[in-house]
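Quick note: the coordinates plus some simple rules give every number you see, no bench work behind them. Owing to the predicted nature of the structure, the values given are computational and were not obtained by experimental measurement. In this analysis, Cβ positions are derived from the backbone assuming ideal geometry, glycine residues included, and neighbour counts consider all displayed protein chains.
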Amino acid sequence: MEVGFVGLGAMGAPMVDRLIEAGHKLAVYARRIETAKHLLNRGVRLCASPAYLAASCEVVFLAVTGTADVEHLVCGDDGLLEGARAGLVIIDMSTIAPRRAQELAAQAQGLGVEMLDAPVSGGEIGARNGTLSIMVGGDAAVLERVRPLLNVLGKTIVHMGPAGSGQIAKACNQLVLVAAIEACAEAAMLAHAAGVDFARVREAMLAGSASSGALDAFGGRMATREFARGVEARLHHKDFALIADTAAQAWVPVPVSAAVQQQLNALMALKLGREDTSGLLKVLEATRADRS
Amino acid sequence: MEIGFIGLGIMGRPMAQNIARAGHALHLYARRPESLAPFEGKATIHASAALVGSHADIVITIVADAPDVEAVALGPDGVAAGARAAGRSDLILIDMSTIAPPAARGIATRLAEAGVTMLDAPVSGGEPGAIHGTLTIMVGGPQPEFERALPVLQAMGRSVTLIGPTGAGQVAKACNQILTGAGVAAVAEAFNLARAHGVDPANVRTALMGGMARSAILDNHGNRMIARNFKPGFKSWMHQKDLRIVLEEAHRLGLGLPLAAAVAQMFNAMQGAGMAEEDSVAMLKLYERLSGVE
C-alpha cells in the first residue's frame, strides 16, 4: 500500500526514513515544500495538498505539533477529509487534546474514514531506531490492519481503547516524564548547593531504585550542562496545558503536575522554550543569588 | 434610565432588584421563566435578549461563561441583533460575568462592529454584596461609556473602579480570584490544623481577626466554616472555572503561578468529591477528608 506522511520534524523525519528503508512507497505533503525536496531522489512523491495526499493513499501518518495543526490538516480547506476515499486510515502520532482526538475520529468516521490517535514516546533516538512506544486509541480491527506499518516505527504498540484513549495515555506519559525531569533538576540543585557533584549523584542513582529514563537522559544533560540538545521544552509546556485541561474536566487533582506546569511557564518566561527540558534546572537557578 | 438585565441567578437577581430600587426601569429576559417570578409587576418582561436590546439604554449581562455571554450578546436573538433592529447606535452592554480577558476583548470587538459599546465589569463581594448593593465592581472599557453607566453601577456596588481598557476588568477579577481562592484555602488549612491540635478554630479566628492576618475572607468565609454553613454564596464549581481561566492565561503568557495552580487542584478535588454545588468554604471538608476525619 502507498503510505502518506505529514510532518517532517525531529520525530517525523526519522520515521519517514524507516518507512522508506522498510520498502514502503511514500507520498509526502509539506507546508514548506523545500523541507521535503531531498526526499524526491529517494522515490518519495510530493503532494501539493493534504487532500491530494489523501486521495492517493490508503494510510496517512500525521506527526505535527499541536491540536490546531491536526485540525487544519484533517478538516481544513484542501484537508485530508476533502480528498479521502472511504477506507482511508489516518494515524495521528501528534500529541493533541484527547477530546478533540475523539471528535475528529467521529467526524472522519462519518465520511467512512478511520482515524487512530497514536502518540509516541521515546524521543528522536526511538524514532531513528524504530523503538518507539506507541499508544493507540481507536478501533482495534483498524489497528490490526496497520500494525505492520507501526511495527516499523515502534517496539511497543499498545491498544488503549476507543478514540482519544491513546492521547490520554500520552498525557499520563508526559505527566510522569516531566515530573521526573523536574525532580532531577531539584536534585541537581540541592546537590550543587550543598557542594556535591550531581554527576556522581546521578551515577549512583542510575544504579539504584531512583533510576529512570529521565534521570539518564535529562539528568545527564543537566550534569554536563548541555541544555541545547534534546527535546524542545516548549513542546512539554504545550503538553501540560492538555494535562491541566484534562484533569480539570475530569475533576482530578494533580498537585505535582500543576506545580511542574508553573515551572514550565517560568521556563517560557525565561525564553528557554527552544532548549531542552533539562532547562528546568535553569529555572531553579534563576532564584539563586550565587547563580552562574 | 431604561436598564436591561439578563442573568437572574444568585448574584443577578438581587443586583437587578437594586437597580429597580434606584428608580430605573427594568427590562428582563430569562431562559427559565421561574426566575422572573420575583419581578412580576415590577419590570417589563421580554421574549428575547434581542427585545431587551431594542428597549434599553444599558443592558447588563451576568451569566456563567464566555459562550453564554456570546450567545446572549451576539446570537441571532441576542442584544446586538435587537439594537440593530431598533436602529440604535448608543447602546452600552455591561457584562458582569467572569470570563477570560481575551474572550472579553473578542466579544467587545464584535459588539463594536454592531454599534454596541461593551464594558467588562465583573464583581466581587458574593451574594451578601449583591443583596446589600456593596459589590466591588472592576470595569474595563472606554471612559465616556463608563461615566454614562456609573449611576447604574453605583446602584449595585460601593466600590466601582475603571481599571483600564476593555478586558482590564476581567484581569482585575482574575487577580481577585487568585486572592479569594488562596484565601479560602489558607483559612481552611489553618482551621484544619487547629482542629488536629484539638484547638477550637472559632477562638483562633477571633484572635487572628485582631492581628496582621485579619482579612475579609477570614472574617466572612471563616465564620461560615465555623458554622459549617456550606450553602452558596459562591458555588465551588464557579471558583474552579475561574481558576482554570487564570491558569490558561498563565500558560498562554508563559507565567508561573505556583500558588494559584496548587489551589486550583483543591478546587478540582472538590468537584470530584461531590461539592460542586456547595460554597467554596466547603473546602474545609476536603481538608478534613484528607486528614482522615469524616
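In a fully extended conformation the segment linking B:A112 and B:S159 would gain 14.2 nm over its present Cα-Cα distance, using 0.36 nm per residue. Working value for region B:171-289: equivalent-ellipsoid semi-axes of 25, 16, 12 Å, each the square root of 5 times a Cα gyration tensor eigenvalue, largest first.
Here region A:2-161 is treated with +1 on each Lys and Arg Cβ and -1 on each Asp and Glu Cβ, and its dipole about the Cα centre works out to around 440 debye.
Placing +1 at every Lys and Arg Cβ and -1 at every Asp and Glu Cβ, with all other atoms neutral, what dipole size does region A:201-256 have around its Cα centre, in debye to the nearest 20?
The dipole magnitude comes to about 160 debye.
Computed from Cα atoms, the angle from the helix A:12-21 axis to the main principal axis of chain A rounds to 50 degrees. Please say if the protein assembly as shown is rounded, prolate or oblate, where rounded means a/c under 1.5 for a ≥ b ≥ c the square roots of the C-alpha gyration tensor eigenvalues, and otherwise the choice is prolate for a/b larger than b/c and oblate otherwise? It is oblate, given that a/c is not under 1.5 and a/b is not larger than b/c. From helices alone, the protein assembly as shown scores -16000 deg cm²/dmol at 222 nm; the rule is -39500 (n - 2.57) for each run of n ≥ 4 DSSP H residues, then divide by the residue total. Rounded, prolate or oblate: which fits region A:2-161 when a ≥ b ≥ c are the square roots of the eigenvalues of the alpha-carbon gyration tensor, with rounded for a/c under 1.5 and prolate only if a/b beats b/c? Since a/c stays below 1.5, the shape of region A:2-161 is classed as rounded. Selection among A:T35, A:F5, A:N151 by position relative to the dipole of chain A gives A:T35 as farthest towards the positive end (Cβ unit charges, Cα centre). Projecting the Cα atoms of A:I168, A:S121, A:A241 onto the charge dipole of region A:114-246, computed from C-beta unit charges around the Cα centre, puts A:S121 farthest toward the positive end.
Within the protein assembly as shown, antiparallel bridges make up roughly 15 percent of the DSSP beta bridges whose residues both belong there.
Placing +1 on the Cβ of every Lys and Arg and -1 on the Cβ of every Asp and Glu, with nothing else charged, gives region B:61-126 a dipole about its Cα centre of roughly 180 debye. Go through region A:36-90 and name the trypsin sites (Lys or Arg not before Pro) that are in a DSSP coil and have 14 or fewer other Cβ atoms within 10 Å of their Cβ. Of the trypsin sites (Lys or Arg not before Pro), the ones in loops of region A:36-90 whose Cβ has at most 14 other Cβ atoms within 10 Å are A:R85. Bridges between two residues of chain B, per DSSP, are antiparallel at a rate of about 15%. Across q = 0.10, 0.15, 0.16, 0.17 Å⁻¹, chain A modelled as identical point scatterers on its alpha-carbon atoms has Debye log10 I(q)/I(0) values of -0.57, -1.13, -1.23, -1.33, in the order of the q list. Sorting B:V199, B:V59 from the fewest to the most surrounding beta carbons within 10 angstrom yields B:V199, B:V59. Springs between Cα atoms under 10 Å define the GNM used for chain B, and in it the highest mean-square fluctuation of B:V123, B:V204, B:V139 occurs at B:V204. Using the Kirkwood radius built from alpha carbon pairs, what does the Stokes-Einstein equation give as D for chain B at 20 °C and 1.002 mPa s, in µm² per second? Approximately 108 µm²/s, per Stokes-Einstein. Think of region B:171-289 as a dipole: +1 on every Lys or Arg Cβ, -1 on every Asp or Glu Cβ, centred on the Cα centre; then among B:V187, B:G254, B:N229, B:N229 lies furthest on the positive end.
Taking a ≥ b ≥ c as the square roots of the Cα gyration tensor eigenvalues, region B:2-165 comes out rounded, since a/c falls below 1.5.
A Förster radius of 41 Å combined with the Cβ-Cβ distance from B:A216 to A:E186 puts the calculated FRET efficiency at roughly 0.70. Measuring between their Cα centroids, region A:49-75 and region A:124-180 lie 18 Å from each other.
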